[in-house]
Amino acid sequence: MESTHKKEIFDALSGNHRNVVVVSHTSPDGDALGAALAMQSLLIGLGHCATVVLPDSFPDYYSWLFGIGEVIIASECPDKAKTVIEAADLQLIVDMNALKRAQSLESVLRSVAVQRILIDHHIFPENVFDLAISDVNASSTCELVYEFIDEFRPDLMNLSMAECIYTGIATDTGNFFHGNLTARTFNITAKLIDKGVDVIRINQLVYNAFSENRLRLLGFSISERLHVLTNKNAAYIYLTADDLNQFGHNEGDTEGIVNYGLSLKGIHISVLFLEKPEFIKLSLRSEGEINVNLIASKYFDGGGHKNASGAHFYGTMEEAINLFLKALEEL
Ligand code: 5GP
Ligand code: MN
């Protein structure tokens with residue numbers, strides 16, 4: 001399950017000048033962004049050329065991260081994204097285990113025969129990487145990025161990079177509430193704080209930055225769209241395209257809504273169904289030994305982690321919900 005070619009990756013980055021493209025998944029979260037931007041800074045510090053390319057845009061509350069202004073968003077500039085990927089002689093893929101997670105970028109990423117390096121914490125990495133740091137026990141990809149930089153070139157770790165890494169760890173653990181939280185996570189966090197990371201400031205920027213619409217959408221989701229299946233210890237929330245439009249939905253506005261299902265006593269599985277233009281996006285969360293990755297992968301061709309997975313369902317909202325109810329029966 002764990003693979004680490006740290007030494008080989010050090011070597012690949014210690015030699016000649018490389019032209020690196022750093023890529024992560026669609027709907028990039030704090031971990032995807034933090035890992036990509038911190039690695040970009042490291043690569044530039046090492047004298048390489050490094051550009052971050054993402055399939056689509058990020059929530060506003062990450063717009064303060066260092067370097068985010070230069071990220072190339074493929075949904076906005078597809079030709080530029082393609083040119084950068086085709087020109088690179090090294091692909092660094094972070095916080096995703098399979099190239100299909102980069103959706104529109106998948107085919108161009110596959111089409112070029114260059115060295116491909118992975119840094120990630122999802123299970124079952126695809127067999128397309130030449131070198132990988134892949135560790136499912138890490139809370140986040142940013143935890144792995146911290147360890148890599150700390151071992152390789154700690155002198156290059158500046159405050160901006162520490163903030164990117166902290167943001168990835170904080171957001172992937174639900175602000176230190178769930179997931180693979182270990183002493184390792186807190187030790188790294190302590191070192192980041194020693195580096196100067198201001199936790200209260202980042203909490204304000206990331207968590208206390210709701211628009212009024214976003215807060216009202218959260219209220220609506222819980223009062224009007226929450227279904228509790230007490231005998232299955234499960235809950236789900238669905239939001240239609242009309243619901244999202246009614247609240248002037250922006251990227252990131254639905255982040256965290258799925259966790260409210262788990263806040264109910266006795267509820268150990270929570271799912272959020274979102275109606276997007278081309279598919280229904282599922283977010284699945286669980287507690288303890290309940291493995292939602294099994295539901296995501298077996299029924300919805302998705303994946304992720306034991307307690308946090310996602311999937312795209314091509315069908316109607318009703319079909320998606322019914323399939324989930326069937327999965328619960330068979331669990
Ligand atoms: P979220 O529900 O926050 O979008 O995602 C939860 C976890 O599942 C993340 O680790 C994310 O990378 C993964 N994930 C989300 N959507 C998909 C998907 O469509 N396919 C796979 N394989 N993983 C996903
Ligand atoms: Mn992650």
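The values are calculated or read from the model by the stated rules, or taken from the named source; none is laboratory data. Not measured: the values here are computed from a predicted model. Because the Cβ atoms are built from the backbone with ideal geometry, glycine has one as well, and the counts that use them run over all protein chains shown.
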Residue within the stretch 155-173 that is free of Cβ contacts under 8 Å to residues at least 12 places away in the same chain and part of a helix (DSSP H, G or I) present: yes
Test result for residue 193, farther than 27 Å from residue 292 by Cβ, of a type in the set (A, V, I, L, M) and not assigned by TED's automatic domain parsing to the domain that holds residue 293: yes
Enumeration of residues in the stretch 125-174 that are within 27 Å of residue 112 (Cβ to Cβ) and of a type in the set (S, T, N, Q): 127, 134, 141
Which numbered condition residue 177 misses (of (1) under 21 Å from residue 202 (Cα atoms); (2) in a helix (DSSP H, G or I); (3) within 16 Å of ligand 2 (Cβ to nearest atom); (4) not basic (Lys, Arg)): (2)
Subset of the stretch 185-201 [surrounded by fewer than 19 Cβ atoms within 10 Å (Cβ to Cβ) and touching a helix residue (DSSP H, G or I) at 6+ places or on another chain (Cβ under 7 Å)]: 193, 195, 196, 199
Residue satisfying all of: in the stretch 85-102; within 14 Å of ligand 2 (Cβ to nearest atom) and among the β-branched types (Val, Ile, Thr); farthest from the chain's Cα centre (by Cα) among these: 93
Helices (runs of 4 or more DSSP H) lying entirely in the stretch 1-96 (those with 1 or more residues that are farther than 30 Å from residue 209 by Cβ): 6-14, 78-87
Matching residues, the stretch 244-286, being of a type outside the set (Gly, Ala, Ser) and surrounded by fewer than 17 Cβ atoms within 10 Å (Cβ to Cβ): 245, 246, 250, 251, 259, 264, 265, 276, 277, 278, 279
Qualifying residue in the stretch 76-84 (condition: outside the structural domain of residue 308 (by TED's automatic domain parsing), among the polar types (S, T, N, Q) and surrounded by 16 or more Cβ atoms within 10 Å (Cβ to Cβ)): no
Among the residues listed as 207, 238, the single one being touching a strand residue (DSSP E or B) at 6+ places or on another chain (Cβ under 6 Å) and either loosely packed, with under 14 Cβ neighbours inside 10 Å or closer than 23 Å to residue 316 by Cβ (or both): 238
The stretch 278-297: number of residues that are hydrophobic (A, V, I, L, M, F, W, C) and away from ligand 2 (no atom under 16 Å from the Cβ): 6
